[in-house]
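A short worksheet on the structure shown next.
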Amino acid sequence: MVTREIQVGQQLEPFVIDSVDPEPMKTMAAILQDPNPIHFDTNVTRELGLGDHPVNQGPTNLTWLTEFVQRFAGGPDRLVTLKVRFLGNVLGGDRFECTGTVTAVDHDAGVAELEVGATSDGRPALGGTAVIKLAD
Amino acid sequence: MTATHEFHVGQRVAPFVIESVEPDRIKTVAAILQDPTPTHLDPAVTRARGMGENLQTQGALNMTWFVEAAMRFAGGADRLVSFNVRFLDNVFAGERFECTGTVTAIDAGAARAELELMATANGRPVLGGTAVIKT
Amino acid sequence: MSDYGHLAGHRFPGGTYTLPPWLSWLWADACKLEPDWRTAHQGLAYLVALRGAGVSIQDIFDLMDATADSGVVFGEFQVDYHGVLRPGTTYDCEAEVVEVERKSGRRAGVFDKLTFQVKVREEGSDDMTIVCTNSWIFPRAEGE
């Protein structure tokens, strides 16, 4: 993705997961050694009023947002900062979408600032900002 | 608490079947075991090693199914006394895993029965062994 | 004023963490992002920082007198990237509590916000790879 002609107000190409798969949440729970059963036990999620939908782990959502920003920036080496707040749950079966806008461009410093966020089935899931390096 | 079971020599152990081994389960087990073996993760590696297109299961996973077959027949986890298993061949994602067996001996005095068990993957022998259960 | 404000400056054990290639691969795969053995996704910053800090999630809970049932959630997460994470690399990590603030919000009620920071660099390098600044929200009952 070429960023040389980047403009304030420019929209980032959305990153979409059509339907969040609950199976990898089990693998992620094992990787993180996270005992919280909301990520994998639908008996528990049902008791909590979430139906048969486990809750996606924050680090996975963060990884998707990171991927979204670095695709726009043109590679992992173009990431400078990512700052994110966790606004709401992402559930198994949800449609997860990252969107963003360029909010500032500094050609002298060679960086751009972005406002970024993610929704899950339209509900706010992540919100924050990013700084990326511009292409030379 | 399960009641005392009536077993007889030659009795068949009800088959325990996994219709199609799921690759996602293999990956989760790899994470649980912190097992770096790439044939449990990446089909490109199984392909490169001439093992085919599908992920290899962990021995621990195959063994867990073997134990499950014995426990179900015995009537509960508390009724399994011991087991012994040999790993004969690999099991792969997508295969039909089946564990069957027979009661080979009864010791009425000790209230024990011995089983011979065998598991196949797509009909190919993959595990063989024995188990001792309470009668 | 948080009862836990004194934790500012508290250093975690830190230490080294080697990012195993199998784990890096599995992370990308679990995120459905075309895993490969030669690259580690930058989203792994969270895990490298957590493991490198030398504390478990439970250790952090213990510091704040919280349990798995306390309803602790992530607040903010910031990563400053100075380099790219690489599978098989050993990282030197330092970690400390930045501050603990007592706050209240209309929706959230009364809570403590714990911010901690982990600095990660490749073993033996003077250059930083990533700096992760994380905050966690610890709900408190009124008057607690």
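Of the residues making up the stretch C:20-45, those that are aliphatic (A, V, I, L, M) and either crowded, with 21+ Cβ neighbours inside 10 Å or assigned to a helix (DSSP H, G or I) (or both) are C:L23, C:L26, C:A28, C:A30, C:A40, C:L44, C:A45. Look at (1) within 14 Å of chain A (Cβ to nearest Cβ); (2) at positive phi; (3) of a type outside the set (S, T, Y) and you find that B:D35 fails only one, number (2). Of all residues in the stretch C:1-44, those satisfying the criterion of being closer than 24 Å to A:D77 by Cβ and more than 14 Å from chain A (Cβ to nearest Cβ) are C:T16, C:T18, C:W37. Residues of the stretch B:72-119 that are farther than 12 Å from B:T135 by Cα and either free of Cβ contacts under 8 Å to residues at least 40 places away in the same chain or among the charged types (D, E, K, R) (or both): B:R72, B:A77, B:R86, B:D89, B:N90, B:E95, B:R96, B:E98, B:E116, B:M118. Within the stretch B:86-97, identify whether any single residue is part of a strand (DSSP E or B), surrounded by fewer than 17 Cβ atoms within 10 Å (Cβ to Cβ) and at pLDDT below 95, and answer yes or no. Yes, the stretch B:86-97 contains at least one residue that is part of a strand (DSSP E or B), surrounded by fewer than 17 Cβ atoms within 10 Å (Cβ to Cβ) and at pLDDT below 95.
Looking across the stretch C:46-105, the residues that are of a type in the set (D, E, K, R), loosely packed, with under 15 Cβ neighbours inside 10 Å and either within 11 Å of chain A (Cβ to nearest Cβ) or part of a helix (DSSP H, G or I) (or both) come down to C:D59, C:D62, C:D69. Does A:D34 meet the test of being facing chain C (nearest Cβ under 10 Å), touching a residue at least 40 places away in the same chain (Cβ under 8 Å) and either out of contact with any Phe, Trp or Tyr (no Cβ under 9 Å at 6 or more places or on another chain) or assigned to a loop (DSSP other than H, G, I, E, B) (or both)? No, not satisfied. All of (1) buried (at least 20 other Cβ atoms within 10 Å of the Cβ); (2) more than 30 Å from A:R78 (Cα to Cα) hold for C:A108 with one exception: (1).
Of the residues making up the stretch A:50-66, those that are of a type in the set (A, V, I, L, M) and either at the interface with chain C (Cβ under 9 Å from one of its Cβ atoms) or within 8 Å of the chain's Cα centre (by Cα) (or both) are A:L62, A:L65.
The values are calculated or read from the model by the stated rules, or taken from the named source; none is laboratory data. Remember, it's a predicted structure, so these values are computed and weren't measured experimentally. We place every Cβ from the backbone using ideal geometry, glycine too, and count neighbours over all the protein chains shown.
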